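Novice: So that we are looking at the same thing, I have put the structure below in structure tokens.
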Amino acid sequence: MKQQTAPTPRFVQHELPAASAVRAELLAGLRETPPRMAPKFLYDALGSRLFDAITELPEYYPTRTEAAILERHGADMARQVPAGAVMIDLGAGSCAKAARLFPVLQPSAYVPVDISVDYLRDTLAVLQQRHPDLPMLGLGMDFSQRFALGAAASQWLHDRALADQPRCVFYPGSSIGNFTPDEALALLCQAREMCAAGGPGGGLLIGVDRVKPREVLEPAYDDALGVTAAFNRNLLLHVNRLLGSDFSPAAWQHVGLFNAELSRIEMHLQALGPQTVRWPGGERHFAAGERLHTENSYKWEPHDFQGLLQEAGFDKARHWTDDRAWFSVFWAAA
């Protein structure tokens, strides 16, 4: 008997910024006052796995709250999302959130996008075995810079007669909160262009974390087990590899706090003592207590986020929430 060949997902690696450009971005952030790093540098292969562990923590409510909303209201969402839409999953990570929606949304193809290339490749290979009849195309890219499918992905859709299918851009996990409001608007505008490039009826399905008490927010980003602290300090190891620097993670303390004025959680790394960090061609001295800003997570009121969607060109936005009104999932038609 002839053995069947196991399905293999297609994978496209978009051209990543040159090492010199990454180095320039890192050095620019280190030289700012206060210094900062873009949150994308949290997500090397280890960082992605540590974030998956964070989502299992009792303090980290967003993942399980969003999952409950998707479970409870998935059928209603499916009445908004066109059947047979191409599902484009931003920041896909383990792809688990999208996979749970496959039975109700019944996409015609699945296109996960993530900056952590090796991690996405591994998770997509496993997912394809579980869904052998669903065409899958992984995109390794930094969509925070520019969100576009590119020629290879567009050709892949065309070859499978999917170019004219509606598109559902799926952006779960409240990752939109990592962007400032202006940056979020720019990304949402690009997401709308992506939806409009497909067949009629497409749109955006996006998870958004809401404003809530400090005593709920801060433990979610500073857990008792220290997993979030390890996730944050791992950024320093990633930067060392990219920049050739000599950050010592043990010399830094994780800080997670809610900035009520700006309606955002902030993550920082705080120097435990005076230290000088060196890299080829330069160095920076950090005083004891000085902070390196590594991530923001903006929290939104629903009417404010709806206004942002409208400003980006979406219309007919609606949202579903949980019993405590802690989190919302929006559908916005393009």
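Novice: What's the exposure ranking of 44, 304, going from fewest to most Cβ atoms within 10 Å?
Specialist: Numbers: 44 22, 304 15.
Least to most surrounded, the residues fall as 304, 44.
Novice: Now for a different question. With labels modelled as points extended 7 Å from the Cα through the Cβ direction, what inter-label distance (nm, one decimal) is found for residue 263 paired with residue 224?
Specialist: 3.2 nm
Novice: Here's another thing I want to ask about it. Just to check, using Stokes-Einstein with a Kirkwood Rh over alpha carbon pairs, what's the diffusion coefficient of the range 112-170 at 4 °C and 1.567 mPa s in µm²/s? Could you put the intermediate results ahead of the total?
Specialist: Details: Rh = 12.6 Å.
In µm²/s, the coefficient rounds to 103.
Novice: A further question follows. Report, in debye and to the nearest 20, how large the dipole of the chain comes out about its Cα centre when Lys and Arg carry +1 and Asp and Glu carry -1 on their Cβ.
Specialist: That gives the chain a dipole magnitude of about 560 debye.
Novice: Efficiency by 1/(1 + (r/R0)^6): what FRET value for residue 303 and residue 64, r their Cβ-Cβ distance, R0 = 25 Å, to the nearest 0.05?
Specialist: Numbers: r = 25 Å, r/R0 = 1.00.
Efficiency at R0 = 25 Å is approximately 0.50.
Novice: Which semi-axes, in whole Å and largest first, does the equivalent ellipsoid of the range 145-256 have when worked out from the alpha carbon gyration tensor as the square roots of 5 times its eigenvalues? Could you put the intermediate results ahead of the total?
Specialist: Numbers: eigenvalues 261, 87, 28 Å².
Each semi-axis is the square root of five times an eigenvalue, giving 36, 21, 12 Å.
Novice: Let me ask another. Counting Lys +1, Arg +1, Asp -1, Glu -1, what net charge surrounds residue 255 among other residues with beta carbon under 12 Å of its beta carbon? Intermediate results must be reported in sequence, preceding the final value.
Specialist: Values: positive: 233, 291; negative: 218, 222, 266, 290, 295.
Its environment carries a net charge of -3.
Novice: Here's another thing I want to ask about it. Among residues other than residue 49 whose Cβ falls under 15 Å from its Cβ, what is the net charge (Lys/Arg +1, Asp/Glu -1)? Please report the intermediate quantities before stating the final value.
Specialist: On the way: positive: 121, 233; negative: 44, 52, 56, 114, 118, 122.
Result for the neighbourhood of residue 49: -4.
Novice: May I pose another question? Please express the shape of the range 190-325 as an equivalent ellipsoid: the semi-axes are the square roots of 5 times the eigenvalues of the C-alpha gyration tensor, given largest first in whole angstrom.
Specialist: Value: 37, 21, 12 Å, ordered largest first.
Novice: Further question: At q = 0.14, 0.18, 0.19 Å⁻¹, what is the base-10 log of I(q)/I(0) for the range 258-328 according to the Debye formula with one equal point scatterer per Cα and no solvent? Please give it to two decimals.
Specialist: -0.67, -0.82, -0.87
Novice: Just to be sure I understand the curve: with the Debye formula and one point per C-alpha of the chain, what is log10 I(q)/I(0) at q = 0.09, 0.10, 0.15 Å⁻¹?
Specialist: These q points yield log10 I(q)/I(0) values of -0.49, -0.60, -1.31.
Novice: What percent does the relative contact order of the chain come to when contacts are Cα pairs within less than 8 Å and at least six residues apart? Write down the numbers at each step before the final one.
Specialist: Details: 641 pairs, mean separation 70.5, N = 334.
Reported as a whole number, the value is 21 percent.
Novice: For 263, 245, which order do you get if you count the other beta carbons within 10 Å of each Cβ and list the fewest first?
Specialist: Details: 263 16, 245 19.
Taking fewest neighbouring Cβ atoms as first place, the list is 263, 245.
Novice: For the residue pair residue 122 and residue 33, what label-to-label distance in nm results when each label sits 7 Å from Cα along the Cα-to-beta-carbon direction?
Specialist: Label at residue 122, label at residue 33, 4.2 nm between them.
Novice: Also: Using +1 at the Cβ of each Lys and Arg and -1 at the Cβ of each Asp and Glu in the range 56-123, identify which of 115, 103, 88 lies farthest towards the dipole's positive end.
Specialist: 103
Novice: Give the distance, in whole Å, between the Cα centre of the range 221-267 and the Cα centre of the range 114-179.
Specialist: 28 Å
Novice: Can you tell me, using C-alpha contacts under 8 Å and at least 6 residues apart, the relative contact order of the range 144-204 as a whole percent? Don't skip to the answer; put the middle values down first.
Specialist: Values: 52 pairs, mean separation 28.5, N = 61.
Relative CO of the range 144-204 lands at 47 percent.
We did not get these values from a lab; they are worked out from the coordinates using the rules stated. The model shown is predicted, which means the values in this text are computed figures rather than measured ones. Positions of Cβ are backbone-derived with ideal geometry, glycine not excepted, and every protein chain shown enters the neighbour counts.
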